[in-house]
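For reference, the structure discussed in these notes is given below.
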Amino acid sequence: MKIEIPLPSIADQQRVIYEAATVAAINQLRANLEAPTLPSPVGFDEAQFPRTHLLREHEGWEPPTAELVEAYFRHFQDAFPDYGTDKKLARLLGLRGQSADRRIREFKAGTYKVPYGVWRHFLVLTGRVPQDIIPVMAFIACSA
């Protein structure tokens, strides 16, 4: 006697996973609205800097100045001691490798400009900009 267990297709399984991830993302977006509000960095006047570091790439984004990076990163690290080291902040921002903490220090010092993706990630984490939600144009079936 042969036992058959009907399984959903791979496409159906992927759709279920996609839907579950979308529901989790919606829940996270709702939870984000409840994040605490912190005061601005003490002794730092953001009005002295252009706001182009808050724009999207296609809107005219320009990398932030070293002074701005230093102030924002230090303020964040002071507010969240779990990310108080440059190594921990680097990991949070998706930087990997042995010299990730050095890269954070280089961003702060202005030796290197912060790449758009890393900076945007930080701005979203700190509630300075909203997350981008990308529309799904279609579900393309896998040919496996």
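What follows draws every value from the coordinates through simple rules; no lab data is involved. It should be emphasised that the depicted structure is a prediction, and the values quoted were computed from it without experimental measurement. Every residue, glycine as well, gets a Cβ built from its backbone with ideal geometry; the counts of neighbours run over all protein chains shown.
Working note: Karplus 6.51/-1.76/1.60 with θ = phi - 60° gives segment 106-112 the couplings 5, 5, 4, 7, x, 5, 10 Hz, where Gly and Pro are set to x.
Phi angles of segment 37-50 translate, via the Karplus equation with coefficients 6.51, -1.76, 1.60 and θ = phi - 60°, into HN-Hα couplings of 9, 10, x, 5, x, 6, x, 10, 9, 5, 5, 7, 10, x Hz per residue; Gly and Pro are given as x.
A dipole drawn for the chain from +1 and -1 charges on Cβ atoms has a positive end, and of Tyr112, Ile26, Met1 the residue lying farthest that way is Met1.
Remark: spin-label model distance His58-Thr85 equals 4.0 nm, labels positioned 7 Å along the Cα→Cβ axis.
When the P(r) is computed for segment 50-125, the part past 19 Å accounts for 28% of the Cα-Cα pairs.
Simple spin-label estimate for Asp78 and Ile10 gives 5.3 nm between the two label positions (7 Å along the Cα-to-Cβ direction from each Cα).
The sum of -39500 (n - 2.57) across all DSSP H runs of n ≥ 4, divided by the residue count of the chain, sets its helix-only mean residue ellipticity at 222 nm to -14000 deg cm²/dmol. Each peptide among 28-41, 88-101 gets the average number of other Cβ atoms lying within 10 Å of its residues, and from highest to lowest they stand as 88-101, 28-41. Provide the FRET efficiency to the nearest 0.05 for the Cys142-Ala47 pair, computing r from the beta carbons and using R0 = 35 Å. The formula returns an efficiency of 0.10 here. In order along segment 63-76, the Karplus-derived 3J(HN,Hα) couplings, from 6.51 cos²θ - 1.76 cosθ + 1.60 at θ = phi - 60°, round to x, x, 6, 4, 4, 5, 4, 4, 5, 5, 5, 4, 4, 4 Hz, and Gly and Pro are given as x.
Under the definition of Cα pairs under 8 Å and six or more residues apart, what whole-number percent is the relative contact order of segment 50-125? In percent, rounded to a whole number, it is 31. Close amide H contacts of Tyr112 (hydrogens built in the peptide plane, cut-off under 5 Å, sequence separation of 5 or more or a different chain): Phe107. Need the C-alpha centroid separation for segment 96-144 versus segment 3-73, integer Å. One Cα centre to the other: 9 Å. Taking Cα Rg over 2.2 N^0.38 Å as calculated from this structure, the corresponding entry among (1) 1.30; (2) 1.01; (3) 1.42 is (3).
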